[in-house]
Amino acid sequence: MKVVKFGGSSLASGGQINKVFEIVTSDPERKIVVVSAPGKRYPEDTKVTDLLIECGQASLMHHDYQELAGKVLERYSGIAEELGLGCDIIKEICEDLMERLEGDKSKPDRFMDRIKASGEDNNAKLVAAYFQKQGVEAHYVDPGSAGLIVSAEPGNAQALPEAYEQLQALRSYPGISIFPGFFGYSKDGDVYTFSRSGSDITGSILANAVKADLYENFTDVDAVYSVNPFIVEKPKEIKELTYREMRELSYAGFSVLHDEALVPAFRAGIPVHVKNTNNPSAPGTRIVAERDNTNGPVIGIASDEGFCSIYVSKYLMNREIGFGRRLLAILEDFGLSYEHTPSGIDDISVILRESQLEDATEEQIKERIMTELHADEVKFEHSLALIMVVGEGMRRNVGTMSRASKALANAQVNIEMINQGSSEVSMMFGVKEVDEKRAVHALYDEFFAPVTV
Ligand code: ASP
């Protein structure tokens, strides 16, 4: 049995949904289909989820939201018309959206989650209606009745262990199950969404729960590329990589797959196959537990911006028991999560996502570190980019770090920070955001460019 997930661009129009139909029905193993909300039809288009967010916010602020709701409904009715579906399904979607928009707003976060979730929920109903019209036995599955129970964290829900037990029953559902991605229900019966692009997570949870043979993730690229194709033109495609490599790459900016999505599939040892809805015969990329390392030490290079570091130095820090713990406890008090902590004998840097910080918090953090830890210096550094050089092969290869740092030096990139994960699957370089692209080019040329003699 295969679980198949389709992203927003694969469902953006009637034509795209027809491709989805062809792909699903060409393989009888494809029994569980997870769908996103309709995405962009062309680069300047707006995703239905983004329209819904605007619409929900307008409603929360007591602004007129009818026009925005109209835009959402137009997307569904355009698709339904292209697919030759009758008015019933659009009437159902319209009633559902209005009911949500007029619903309880006393908890704005929860209200927004109900609005956002409608994108996938209604799309699943529409896709199921189309499959049925084509004479195929397909059913919309409500995540609530199926038992996708999640934590009550708005916009950041996590599946609870009992969800996996309950969702097992999907194995014996008749026909093809069309399951909306991106959200589940709390124990109290409220809707909570995963973080953005979270339909990938739904697919992985279902694959784990039903012990699928394969989790296929259909998107709009032929493969996972070794580097961001917006930075390096026509980069090398990756045929196979491990869960750990993919996790490291998607954490640092590879948007092909949500970085949390691999965990459930990984735990159940289910291979993930990234494929292109617009070119289903392309081999795609397989994500597996182990691969042979014949292609050199590095499999991919990812980069992401928007980081900052808190540099703390104190003479004899290495002798002070509990310094790191107390430093991190201060950050915990501010509700901040950190990404890396490269350190030396008398100093430590804590790297955070900049979006979490406000000017006021920054001052307060500095103050507390100075007074409570008696640090010699506390310095914030902003606008940093992190570049991850990833590959299982690094463990067995000597000199990868030296090649990478030499390539950066030759490109005149000043390295602000270096960190090698303990797993030796990745090396992290912190550079100024302005140097990011130059650094990525230099590293790509070093590890991937064909050698010219
Ligand atoms: N529609 C949601 C988003 O845009 C979830 C998804 O597409 O996976 O974030």
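The values are calculated or read from the model by the stated rules, or taken from the named source; none is laboratory data. Since the model is a prediction, treat every value here as computed from it, not as a measurement. Cβ sites come from the backbone with ideal geometry, for glycine too, and all protein chains shown count toward neighbours. The protein model used for the area step is the full one, side chains on, heavy atoms only, and it has no ligands, DNA or RNA in it. Shrake-Rupley method; radii C 1.70, N 1.55, O 1.52, S 1.80 Å.
Quick notes
- Segment 338-411 and segment 47-121: distance between their alpha carbon centers, rounded to Å: 42
- Checking the Cα-Cα distances for Lys31/Lys239; Lys234/Lys275; Lys47/Lys187; Lys31/Lys133 against a 19 Å cut-off, the pairs over it are Lys31/Lys239; Lys47/Lys187.
- Residue separation of Ile418 and His382 scaled by 0.36 nm, minus their Cα-Cα distance, works out to 11.3 nm of gained length.
- Straight-distance candidates among the lysines for linking to Lys105, with alpha-carbon spacing under 17 Å and chain neighbours fewer than 8 residues away dropped: Lys116.
- Using the Cβ-Cβ distance between Ser255 and Arg319 with R0 set to 25 Å, the FRET efficiency from 1/(1 + (r/R0)^6) comes to roughly 0.05.
- Under 16 Å from Lys432, Cα to Cα: lysines that are on another chain or at least 8 residues apart: Lys379
- The value of relative contact order for the chain, using C-alpha pairs under 8 Å at least six residues apart, is 12 percent.
- Using θ = phi - 60° in the Karplus curve 6.51 cos²θ - 1.76 cosθ + 1.60, the 3J(HN,Hα) couplings for segment 396-405 round to 9, 9, 8, x, 5, 4, 5, 4, 5, 6 Hz; x is entered for Gly and Pro.
- Surface composition of the chain: carbon and sulfur make up 48 percent of the accessible area, probe 1.4 Å.
- Take 298-308, 356-366, 403-413, 119-129 and order them by the average number of nearby Cβ atoms within 10 Å per residue, most first; the result is 119-129, 298-308, 403-413, 356-366.
- Taking segment 55-174 and dividing mean pair separation by its residue count, relative contact order in percent (alpha carbons under 8 Å, at least six apart): 19
- Loop-located chymotrypsin sites (Phe, Trp or Tyr not before Pro) across segment 382-453 with a Cβ neighbour count of 13 or fewer within 10 Å are lacking, with loop assigned by DSSP.
- Segment 399-453: C-alpha pair distances exceeding 14 Å, %: 54
- Stokes-Einstein diffusion for the chain at 37 °C, viscosity 0.692 mPa s, with a Kirkwood radius from C-alpha pairs, works out to 138 µm²/s.
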